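See structure below.
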Amino acid sequence: MIQLIYSSHATTPFTAESLRTLLVGARAHNTSVEVSGMLLHVDGAFLQVLEGEPGAVEALYERIAQDRRHARVTKLRVRDVEERNFPDWSMGFFDATQRAAALLGYRKTSGFADLLGDTAMLTKVVADFRDGRWRSLAA
């Protein structure tokens with residue numbers, strides 16, 4: 001099993017409704033190909049973790065990279081994992097647009113792309129999401 005983390009930027013702004021539509025489709029597709037993960041959205045920037053069998057994860061990443069709604073798609077890390085960080089989530093989600101200043105790893109100018117090569121920070125961001133830090137920001 002692998003974990004792939006990437007960042008991207010929306011080519012046009014996502015409304016709350018378009019984000020919901022995106023999530024419904026992603027969750028259905030991910031369930032069908034046995035991919036789990038999480039999606040973090042901030043001001044049009046995305047950070048996504050995909051976990052599953054290598055063929056399924058790579059195919060999904062390529063599909064996302066070709067999606068015209070995404071630009072500057074950057075693969076930040078791919079690694080083998082023994083177990084999933086998000087075993088019960090076809091796609092966990094948090095929209096932190098109103099809380100960008102509180103987010104580790106996010107920069108207004110580059111989104112999450114600066115995390116490329118910073119495995120310690122990537123690990124921290126993923127762990128914070130998995131462990132519920134983002135949910136506490138929403139309160």
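The values are calculated or read from the model by the stated rules, or taken from the named source; none is laboratory data. Given the structure is predicted, the values throughout are model-derived calculations rather than measurements. Quick reminder, even Gly has a Cβ in these numbers, built from the backbone with ideal geometry, and neighbours come from all protein chains shown. SASA here: full protein model, heavy atoms, side chains in, ligands and nucleic acids out. Shrake-Rupley method; radii C 1.70, N 1.55, O 1.52, S 1.80 Å.
Structure notes:
- Test: residue in segment 16-31 that is out of contact with any Pro (no Cβ under 6 Å at 6 or more places or on another chain) and closer than 17 Å to residue 124 by Cα: no
- The listed residue being open to solvent by less than 40 Å² (accessible area, probe 1.4 Å) and either over 17 Å from residue 13 (Cβ atoms) or in contact with a strand residue (DSSP E or B) (Cβ under 6 Å, 6 or more places away or on another chain) (or both), out of 28, 45, 59: 45
- Qualifying residues in segment 70-103 (those that are basic (Lys, Arg), out of contact with any Asp or Glu (no Cβ under 6 Å at 6 or more places or on another chain) and at pLDDT 90 or above) - the one least open to solvent (accessible area, probe 1.4 Å): 77
- Candidates 60, 19, filtered to the one that is more than 23 Å from residue 116 (Cα to Cα), in contact (Cβ under 8 Å) with a residue 12 or more places away in the chain and within 16 Å of the chain's Cα centre (by Cα): 19
- Check on residue 107, open to solvent by less than 40 Å² (accessible area, probe 1.4 Å) and touching a helix residue (DSSP H, G or I) at 6+ places or on another chain (Cβ under 6 Å): no
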